[in-house]
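Below you'll find the structure, written out as structure tokens, and then a few comments.
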Amino acid sequence: MRLSIFVMLCVMIPFAYAQQAVSPYVFKSPQDEVRFYELTAQLRCLVCQNQTLLDSDATLAKDLRARVYELVLSGRSNEEIIAYLTARYGDFILYQPPLNASTGILWFAPLMLLLIGCVVFIIIMKRARQRYKEGGK
């Protein structure tokens, strides 16, 4: 009897602590809510660097979400909000940084490394073929 009560309590306790996720943000219109979630999905958490502001639980991300919320409610456009945040945190806050002189390496480095790898592979294969032909004669 005691064992069954103990097991039942062990099973039920996690449900007692379960909470439903409720957004702390109240919006004037559904459009503002959509804008808020779209913006926070486009912005990078500066602490996590691998997550958007929407996904991150870092304190800075929470503060930035609150700031985006305030800016959305104040009637600022998406472009104004993004300009505000990039002026303070740089292009790094954008999940997809723009193509310019300072971010060009981010955009072209993978392509350049792939091309260099292909060239090196072709050179190695040609040399190996040459050695094989010379050894086979």
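The values are calculated or read from the model by the stated rules, or taken from the named source; none is laboratory data. What you are looking at is a predicted structure, and each value in this text was computed from that prediction instead of being measured. Here the Cβ positions follow ideal geometry from the backbone for every residue, glycine too, while neighbour counts run over all protein chains shown.
Name the single residue that is nearest to the chain's Cα centre (by Cα) among those in the stretch 100-137 being under 30 Å from Gly90 (Cα atoms) and among the aromatic types (Phe, Trp, Tyr). Write out each step before concluding.
First, pick out the residues of the stretch 100-137 that are under 30 Å from Gly90 (Cα atoms): 100-115.
Narrowing further to those that are among the aromatic types (Phe, Trp, Tyr): 107-108.
Details: Trp107: 16, Phe108: 20 Å.
Only one residue tops the list, namely Trp107.
Could you list, in sequence order, all residues of the stretch 24-52 that are part of a loop (DSSP other than H, G, I, E, B), surrounded by fewer than 12 Cβ atoms within 10 Å (Cβ to Cβ) and more than 20 Å from the chain's Cα centre (by Cα)? Steps first, answer last, please.
The first filter runs over the stretch 24-52 and keeps only residues part of a loop (DSSP other than H, G, I, E, B), leaving 24-29, 45-51.
Filter once more, keeping what is surrounded by fewer than 12 Cβ atoms within 10 Å (Cβ to Cβ): 24, 26, 28-29, 49-50.
Listed by number, the residues that qualify are Pro24, Val26, Lys28, Ser29.
Just name the residue that is farthest from Pro24 (Cα to Cα) out of those in the stretch 53-93 that are within 17 Å of the chain's Cα centre (by Cα) and of a type in the set (Val, Ile, Thr).
The residue in question is Thr86.
For every residue, the table says whether it meets (1) modelled with pLDDT under 95; (2) acidic (Asp, Glu); (3) under 30 Å from Glu33 (Cβ atoms).
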| site | (1), (2), (3) |
| --- | --- |
| Asp55 | yes, yes, yes |
| Ala61 | yes, no, yes |
| Pro97 | yes, no, yes |
| Thr103 | yes, no, no |
| Trp107 | yes, no, no |
| Arg127 | yes, no, no |
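Where in the stretch 53-137 are there helices (runs of 4 or more DSSP H), lying wholly inside it, with at least 1 residues that are exposed (fewer than 13 other Cβ atoms within 10 Å of the Cβ), hydroxyl-bearing (Ser, Thr, Tyr) and without any contact (Cβ under 8 Å) to a residue 24 or more places away in the chain?
Details: elements: 59-73, 78-89, 104-136.
Where helices (runs of 4 or more DSSP H) fall fully within the stretch 53-137 and carry at least 1 residues being exposed (fewer than 13 other Cβ atoms within 10 Å of the Cβ), hydroxyl-bearing (Ser, Thr, Tyr) and without any contact (Cβ under 8 Å) to a residue 24 or more places away in the chain, they are 59-73, 104-136.
Could you say which residue among Gln42, Gln31, Gln49 is in contact (Cβ under 8 Å) with a residue 40 or more places away in the chain and of a type in the set (S, T, N, Q)? Even if it seems obvious, please write down each step before you answer.
Values: Gln31 fails: in contact (Cβ under 8 Å) with a residue 40 or more places away in the chain; Gln49 fails: in contact (Cβ under 8 Å) with a residue 40 or more places away in the chain.
Just a single option satisfies the conditions, and that option is Gln42.
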